[in-house]
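Only one structure is covered here, and it is reproduced in the block below.
The values are calculated or read from the model by the stated rules, or taken from the named source; none is laboratory data. Quantities reported herein were computed from a predicted structural model and do not represent experimental measurements. FYI the Cβ positions are ideal-geometry reconstructions off the backbone, even for glycines, and counts take in every protein chain you see.
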Amino acid sequence: MDTNLALVLLLTPLLGFLINVFFGKKLGKTFSGIVGTLSVVVSFAVTLYFFGYITVAKQPIQIILFDWISISNFNLSFGLLLDQLSILWLLFVTGIGSLIHLYSISYMHDDEKMHTFFAYLNLFVFFMITLVIGSNLLVMFIGWEGVGLCSYLLIGFWHKNQEYNDAAKKAFIMNRIGDLGLLIGIFILGMLFSTLDFTTLKTAISGATNLNSYWLGVAAFALFIGACGKSAQIPLYTWLPDAMAGPTPVSALIHAATMVTAGIFMISRLNFLFDLTPEVQNIIAIIGAITALVAATIGLVQNDIKKVLAYSTVSQLGLMFLALGLGAYQVAIFHVVTHAFFKACLFLGSGSVIHALGGEQDMRKMGGLKKAMPITFMTMLVASLAIAGIFPFAGFWSKDEILITAFEHNIVLWVIGSVASIMTAFYMFRLMYLTFFKEFRGTEDQKHHLHESPSLITAPLIILAVLSFIGGLISLPKNSWLNEYLAPIFRKVTEEEHTLGTFEYGLMAIALAGAFIGIGIAYSKYIKQNSVPEEDSKITGISKVLYNKYYVDEAYDVLFVKPINALSGFFRDYIETSISALVFGLAKVTNELSFQGKKLHNGSIGFYLFAFVLGLCAIISYLFLAQ
Amino acid sequence: MNVSLLLILLLVGAFATYLAGDKLASKVALFFSLAVLGCSIVLLNHFNAGENISFINQWISQPNISFALQADGLSLAMLLLTTALTPLIIFSSFGNEYKNAKSFYALILFMAFAMAGTFLAADGLLYYIFWELSLIPIYFIALLWGNGDAEERKTAVVKFFIYTLAGSLFMLVAFIYLYQRAGSLLIDDLYKLDLTASEQLWIFLAFFLAYAIKIPIIPFHTWQAKVYQKAPTVGTMLLSGIMLKMGLYSVIRWQLPIAPLAAKQYMFVFIALGIAGVIYGSIVALRQKDLKKLLAYSSLAHVGLIAAGAYTLTLDGLRGAVLQMIAHGFVVVGLFFAAEIIFRRYDTRTISEMGGIRSQSPKFTSMFMILVLASVALPSTFNFVGEFTVLYSLSQINIWFAILGGTTIILGAYYMLKMFQHVMLGETNKKIFADVTLNEGLTMVIIVAVLFFFGMYPKPIIDLITPSLENILTQINRN
Amino acid sequence: MNNILNQIGIENYIFLCVILFCIGVFGVLYRRNAIIVFMSIEIMLNAVNLLFVAFSTYHQDAQGQVFVFFSMAVAAAEVAVGLAILVSIFRNSGTIDVANLKNLKG
Amino acid sequence: MSILLILFCILSAITLLTAFLTVFSKNPIHSAIYLVICFFSVAGHYLLLNAQFLAIVHVIVYSGAIMILFLFTIMLMNLNKENEVHKPRITRLGAIVSFCLICFVLILIFINSKPIADGSYDVTGEDYQSIKVLGKVLLNEYMVPFEYASILLLVAMIGAVLLSKKEKLEK
């Protein structure tokens, strides 16, 4: 029964994908959308069942489907593991997934390849489920690479535009760099413990006495590189902002709510490993903090509404990594969940805006949409308040916990995190003010067409806004349902984090004040002073550096892409030809020798005889004189 | 019933095809190749049931040479690859018109005969004869039915022919020496030889030269790209799909167990060469202008990894190598066929002249995409199974090997996706791209299905090859 | 019976034959006229024949002499055929200068 | 110094001198005549070695048959002119070098080899070179080569006729 249900959970999105691929055109747009959505909704329903089951039974379900790959020292089977962690992830993957599918029915209705879109989305959900419920690292890796593939397909969904294709390619390759790290980590774990199964790995690692901490550290670091690639951390984050080339629901689903959290999922999954490698944890925390700060600074000056959200995503992911690095997995996961709610809401809201403006993404050409699109405005406001960390919205609770944890470990990390939070508040409200307040700055034509989006779009927005509002309830400081729920997964936390003293209240107050400061600055700049960001060409100074994302893309281009291409050209034009010339040279030498040898045969009998005499002398001397 | 039947059937098929005349040739060839495929599946069943399907008979008494065809799991796996790809290749060529078709198809079958013989032969001389025999048909196929400038083609093909022949001669020398020592060339007798370390080194190097040119391992690869480019697609498929695997198979079957000491001592050198091939091939592939040449270099990268896996001398390495050989065989045939499909419509192989096919033929694009993904070893395709196993074995030797070899994951994705982007995506092409025909589609679907099926369930093949690989491994570790 | 070699010594024969042979070699290399070249060859043959006979005496064995017979027969045949060839060459090319006979040139 | 040795020396001198002159004289006719003298002296050597039959055969075959053939050929070709162009210096140098070289090498070998003669030679007293004995050896032991030699001569004769025949087709 459980096996069958798990298969239903896993395979319905695949079925939806297959139907949409093979019959999508015949089904028609609406119907293919419904098929796509339904398949995810079914998965969501099954997930709910499992959720109910696990909260009662508290026993993980492990299913082995068939043997897959044989390695000399262990066998890898294709198995599924449904425990608290994976079911939690499934909940918001399929839940938010369903909402976004629903949203897409309306959003993508004008696109001629809607069935392909839904096919890809379904495929993505399938792979995401595989990633989450795989019982060993390699099954997880199928999903891991699979979601990367879907991300590639969806970023390049409008494939006639080669720039989008470049972005897609970049995403895939960046992910693959991480994947190599993940594979290396898998190899080392396989070598050390002869298993890749999560449960046996956990017992092996926690039961082992003399662990090779060096290799363990290397493995953890390699895995972390994998997580960096997928979850867009420094130095592999640059693909995520570019990934906004895809349709907005994709940005919401893949590049905000689900796929990019895979790295966090993986690290949480292997928390027992990372707990043993404090050095790697430190690296994770530092990288997370830096990413949060750097991405936030870039986000301050972006003018593309989706780019702002993308950098905000990177920044938030950085905060999650900060929490992971500090060993506070529950906190990170809490933020993953709340972030999924409000970021999905923000993306979908921005999608609604873009939809209304006929594809315009530049905030300088928006403004004053508050009246035209009240529902979008309200929902986005809620989500923005949530992400800014205003009490009592969901983001407040999760972000605050991260900051408290950071403060307990290292005050520097706390400062960085807080600064990033203030910036978040600023740029989010910059976004809100520029988009919804003041006068409309677009063309007259657009102004006439301004309208609230249809209910299929607004309904998911409302649901997500509600979730962003109340999402914090799952882990209130005093009485955390989430921590209790996840307790079997993680090592018992011994720290005194839930004793609410004045100290914690003080920190909360500081964070809240910071958020208000950020909002205040944004208000004074964009409402009071009524300023609008300048044209691209007029941006100067630090903001130019920020606007150009610290020139990281350019730096990567110069450091990696160009050299490799130059090397390729060099190999092709010089090395290849010279090796070839070497081979041909050998042939030429032979040829030349034979040509020279030919000259010996000049037809002169006298010469032949002379040679003959010499040869005769040589032979005779050898035979008789050599001894 | 034994394996000699297969060879006879292939040979008869070749003659029958030639006699059938130009019109019927392709169909007769297809019929025979399918019959052989069926026959080999039946044989596989017999083998799995524990029957002895080997065939050993004294051939020449002085010197002591036997007509020995030995089929174990490894041979059978490679045999199946040959017999499965041959009908596929023949079938894929149905869209083309060849002049003097009867000779063309007869040569294909003859080549399949020679390659099958190579995979089966258990006697050094017999093996050598089959090995060299396989060179002749591909020489004519590439020379007579190839494309491009005739003079350039001749240069490329003759270079290939002489190059591989020259390499093989060193192998012959090694065999002669081994015969002096063993008094027989039966593989089991050769395994039993107690050669000194220096003898083994020379023999190993002689074999290596032959195989390195055939596989090809850098820096012996220069024949490859040009020949792939100039040969007709069928020839390229035969070369890359099956013939390369002859070299890799021979490494596992002949080179390593006969000279294990040398293999162990210089393991790092040869692994490094293989991995250098991976990186070099990937980087060179990045900026190729010709689609077939790009695929040729990608093939170079992949076989480099396979060779590196084989030279690790671990069960994982050997197993991964064999799995990857089979997987690569299918993928590369598929990719070259895709190139051919484009060529049939656009009459060009230059990447810059393509683009925008996706809007014209989504079906073809999907299949091409899947092949590209399989080629970059996306998990759940067959290639991933092989590549993962090989990389795992490399990581057991030295983690840096795995990291460097693993760059294929990144670079492979880079050049394949770049190629895909420029070939398939972008603005709709002005030239007309007719949708794939039934037989084109069918060929692609079969390949894709094989890749997915074994990607998710490689167990049958793993079970087939593992015992014989373990045997070989005990031979390698005998002293 | 008295052996003649007791008075002359085999060495002298050897020296004689060697020098005679070398004169033959020299002639072959030195001259361009094919007839003279031929004659030089005959000189070489004679040198060898003489050595055969000398050693036949030395070993008191008839076999050496028998060999000289054969060698003479071969020489006769060779001269007959060789001269015939020369004649036909002369007839075709008007010269028997070996320097001009370079048809074997590779 | 015995008479025989003196005789040997005189004969040797004639042989070498005439041989040398054969090679060196410009006129082919002169060469041929010197060669005849050379052959006669060689026959004299044979007589000296007590090989009378061989000496006679030698005179008949070489001085008689072969030399006549030579002379006929020379005259047939009308070569009795001293029109031969000298070979280039390098060729002559080569000839001299090889002459010296082969001389040197052969003599060196002889000197290097074990001294075969210490002045005393075996005398078995057996008859080994009378016509009778030679005939027996030739027709018993060397029967087959003898027959071959006859075939060879026949073939050579046919060949010579065939080669020197004017080709009719040439017209």
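Just wondering, is there one or more residues in region A:29-42 that are outside any loop (DSSP other than H, G, I, E, B), buried (at least 24 other Cβ atoms within 10 Å of the Cβ), in contact with a strand residue (DSSP E or B) (Cβ under 6 Å, 6 or more places away or on another chain) and not assigned by TED's automatic domain parsing to the domain that holds A:His335? No, every residue in region A:29-42 fails to be outside any loop (DSSP other than H, G, I, E, B), buried (at least 24 other Cβ atoms within 10 Å of the Cβ), in contact with a strand residue (DSSP E or B) (Cβ under 6 Å, 6 or more places away or on another chain) and not assigned by TED's automatic domain parsing to the domain that holds A:His335. Report yes if A:Ile63 is among the aliphatic types (A, V, I, L, M), over 14 Å from A:Leu102 (Cβ atoms), modelled with pLDDT of 85 or more and in contact with a Leu (Cβ under 6 Å, 6 or more places away or on another chain), otherwise no. It is true that A:Ile63 is among the aliphatic types (A, V, I, L, M), over 14 Å from A:Leu102 (Cβ atoms), modelled with pLDDT of 85 or more and in contact with a Leu (Cβ under 6 Å, 6 or more places away or on another chain). In summary, A:Leu300 fulfils each of the numbered conditions (1) touching a Ser or Thr at 6+ places or on another chain (Cβ under 9 Å); (2) modelled with pLDDT of 85 or more with the single exception of condition (2). State the number of residues belonging to region B:331-343 that are farther than 20 Å from B:Ala374 by Cα and in contact with a Leu (Cβ under 6 Å, 6 or more places away or on another chain). Qualifying residue count, region B:331-343: 0.
If you check C:Val81, C:Val18, C:Val25, C:Val98 for being over 30 Å from D:Tyr128 (Cβ atoms), within 14 Å of chain A (Cβ to nearest Cβ) and at pLDDT 85 or above, only one passes: C:Val25. Residues that are surrounded by fewer than 24 Cβ atoms within 10 Å (Cβ to Cβ) and among the aromatic types (Phe, Trp, Tyr): does region A:72-84 have at least one? Looking through region A:72-84, at least one residue is surrounded by fewer than 24 Cβ atoms within 10 Å (Cβ to Cβ) and among the aromatic types (Phe, Trp, Tyr). Please verify whether region B:170-193 includes one or more residues that are among the basic types (Lys, Arg), away from chain A (no Cβ under 14 Å), crowded, with 24+ Cβ neighbours inside 10 Å and touching a residue at least 12 places away in the same chain (Cβ under 8 Å). Checked region B:170-193: no residue is among the basic types (Lys, Arg), away from chain A (no Cβ under 14 Å), crowded, with 24+ Cβ neighbours inside 10 Å and touching a residue at least 12 places away in the same chain (Cβ under 8 Å). Does region B:319-327 include one or more residues that are surrounded by 24 or more Cβ atoms within 10 Å (Cβ to Cβ) and more than 14 Å from the chain's Cα centre (by Cα)? So far as region B:319-327 goes, yes, one or more of its residues are surrounded by 24 or more Cβ atoms within 10 Å (Cβ to Cβ) and more than 14 Å from the chain's Cα centre (by Cα). Restricting attention to region A:106-164, the residues that are among the polar types (S, T, N, Q), within 20 Å of the chain's Cα centre (by Cα) and within 11 Å of chain B (Cβ to nearest Cβ) add up to 1. Looking across region B:346-403, the residues that are in contact with a His (Cβ under 8 Å, 6 or more places away or on another chain) and either under 21 Å from B:Arg287 (Cα atoms) or not assigned by TED's automatic domain parsing to the domain that holds B:Ile447 (or both) come down to B:Ile351, B:Ser352, B:Met354, B:Gly355, B:Ser375.
Given the criterion surrounded by fewer than 24 Cβ atoms within 10 Å (Cβ to Cβ), in contact (Cβ under 8 Å) with a residue 60 or more places away in the chain and within 14 Å of chain A (Cβ to nearest Cβ), identify the matching residue among B:Gln224, B:Gln229.
Answer to the selection: B:Gln229.
Hey, any hits in region A:188-207 for a residue that's outside any helix (DSSP H, G or I), more than 10 Å from chain B (Cβ to nearest Cβ), of a type outside the set (Val, Ile, Thr) and closer than 30 Å to B:Gly355 by Cα? Looking for residues that are outside any helix (DSSP H, G or I), more than 10 Å from chain B (Cβ to nearest Cβ), of a type outside the set (Val, Ile, Thr) and closer than 30 Å to B:Gly355 by Cα, one finds none in region A:188-207, hence no.
Evaluate the following for A:Val139: is it of a type in the set (Val, Ile, Thr), part of a helix (DSSP H, G or I), surrounded by 24 or more Cβ atoms within 10 Å (Cβ to Cβ) and touching a strand residue (DSSP E or B) at 6+ places or on another chain (Cβ under 8 Å)? Before you say what the answer is, go through the steps one by one.
Values: of a type in the set (Val, Ile, Thr): yes; part of a helix (DSSP H, G or I): yes; surrounded by 24 or more Cβ atoms within 10 Å (Cβ to Cβ): yes; touching a strand residue (DSSP E or B) at 6+ places or on another chain (Cβ under 8 Å): yes.
It is true that A:Val139 is of a type in the set (Val, Ile, Thr), part of a helix (DSSP H, G or I), surrounded by 24 or more Cβ atoms within 10 Å (Cβ to Cβ) and touching a strand residue (DSSP E or B) at 6+ places or on another chain (Cβ under 8 Å).
Meeting the requirement of 2 or more residues that are closer than 30 Å to A:Pro278 by Cα, the helices (runs of 4 or more DSSP H) wholly within region A:370-445 are A:394-409, A:411-436.
Does at least one position in region A:515-523 carry a residue that is β-branched (Val, Ile, Thr), surrounded by fewer than 13 Cβ atoms within 10 Å (Cβ to Cβ) and either touching a residue at least 40 places away in the same chain (Cβ under 8 Å) or closer than 21 Å to A:Asp362 by Cα (or both)?
Start the filter on region A:515-523 by keeping residues that are β-branched (Val, Ile, Thr), which leaves A:517, A:519, A:521.
Checking the rest, the ones that are also surrounded by fewer than 13 Cβ atoms within 10 Å (Cβ to Cβ) come to none.
Looking for residues that are β-branched (Val, Ile, Thr), surrounded by fewer than 13 Cβ atoms within 10 Å (Cβ to Cβ) and either touching a residue at least 40 places away in the same chain (Cβ under 8 Å) or closer than 21 Å to A:Asp362 by Cα (or both), one finds none in region A:515-523, hence no.
Entry remark, region B:379-400: residues being without any contact (Cβ under 8 Å) to a residue 40 or more places away in the chain and among the aliphatic types (A, V, I, L, M) number 1 in total. Restricting B:Gly426, B:Gly406, B:Gly412 to those that are among the small types (Gly, Ala, Ser) and more than 8 Å from every other protein chain (Cβ to nearest Cβ) reduces the list to B:Gly412. Only one entry of A:Ile510, A:Ile521 meets the criterion of being farther than 18 Å from A:Leu236 by Cα and touching a Phe, Trp or Tyr at 6+ places or on another chain (Cβ under 7 Å), and that entry is A:Ile521. From the list B:Ala285, B:Ala210, B:Ala197, B:Ala296, the one residue that fits, being on the phi < 0 side of the Ramachandran plot, crowded, with 23+ Cβ neighbours inside 10 Å and not assigned by TED's automatic domain parsing to the domain that holds B:Tyr414, is B:Ala210. The lone criterion from (1) surrounded by fewer than 21 Cβ atoms within 10 Å (Cβ to Cβ); (2) more than 14 Å from every other protein chain (Cβ to nearest Cβ) left unmet by B:Phe336 is number (1). Only residues that are surrounded by fewer than 22 Cβ atoms within 10 Å (Cβ to Cβ) and outside any helix (DSSP H, G or I) were counted across region C:57-100, and they come to 5.
Restricting to region B:381-401, what's the tally of residues that are surrounded by fewer than 24 Cβ atoms within 10 Å (Cβ to Cβ), within 8 Å of chain A (Cβ to nearest Cβ) and either on the phi > 0 side of the Ramachandran plot or not polar (S, T, N, Q) (or both)?
Applying the first criterion (surrounded by fewer than 24 Cβ atoms within 10 Å (Cβ to Cβ)) to region B:381-401 yields B:396-401.
Now narrow it down to the ones that are within 8 Å of chain A (Cβ to nearest Cβ): B:396, B:399.
In the following step, the residues that additionally are either on the phi > 0 side of the Ramachandran plot or not polar (S, T, N, Q) (or both) were identified as B:399.
Within region B:381-401, residues that are surrounded by fewer than 24 Cβ atoms within 10 Å (Cβ to Cβ), within 8 Å of chain A (Cβ to nearest Cβ) and either on the phi > 0 side of the Ramachandran plot or not polar (S, T, N, Q) (or both) number 1.
In this structure, does A:Leu85 turn out to be in contact (Cβ under 8 Å) with a residue 60 or more places away in the chain, away from every other protein chain (no Cβ under 14 Å) and over 20 Å from the mean Cα position of the chain (by Cα)? Considered against the rule, which asks whether it is in contact (Cβ under 8 Å) with a residue 60 or more places away in the chain, away from every other protein chain (no Cβ under 14 Å) and over 20 Å from the mean Cα position of the chain (by Cα), A:Leu85 comes out as no. So in region B:364-378, with the set limited to residues that are free of Cβ contacts under 8 Å to residues at least 60 places away in the same chain and within 22 Å of A:Met140 (Cβ to Cβ), which one is surrounded by the fewest Cβ atoms within 10 Å (Cβ to Cβ)? Among them, the one singled out is B:Leu378.
Per-residue answers, yes or no, for (1) away from chain A (no Cβ under 11 Å); (2) among the hydrophobic types (A, V, I, L, M, F, W, C); (3) touching a Leu at 6+ places or on another chain (Cβ under 9 Å); (4) touching a residue at least 60 places away in the same chain (Cβ under 8 Å):
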position	(1), (2), (3), (4)
B:Ile306	yes, yes, yes, yes
B:Gly329	yes, no, yes, yes
B:Glu353	yes, no, no, no
B:Gly356	no, no, yes, yes
B:Pro362	no, no, no, no
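Taking region A:551-584 as the range and being of a type in the set (A, V, I, L, M, F, W, C), under 23 Å from the mean Cα position of the chain (by Cα) and either on the phi > 0 side of the Ramachandran plot or within 12 Å of chain B (Cβ to nearest Cβ) (or both) as the test, the residues that pass are A:Phe560, A:Val561.
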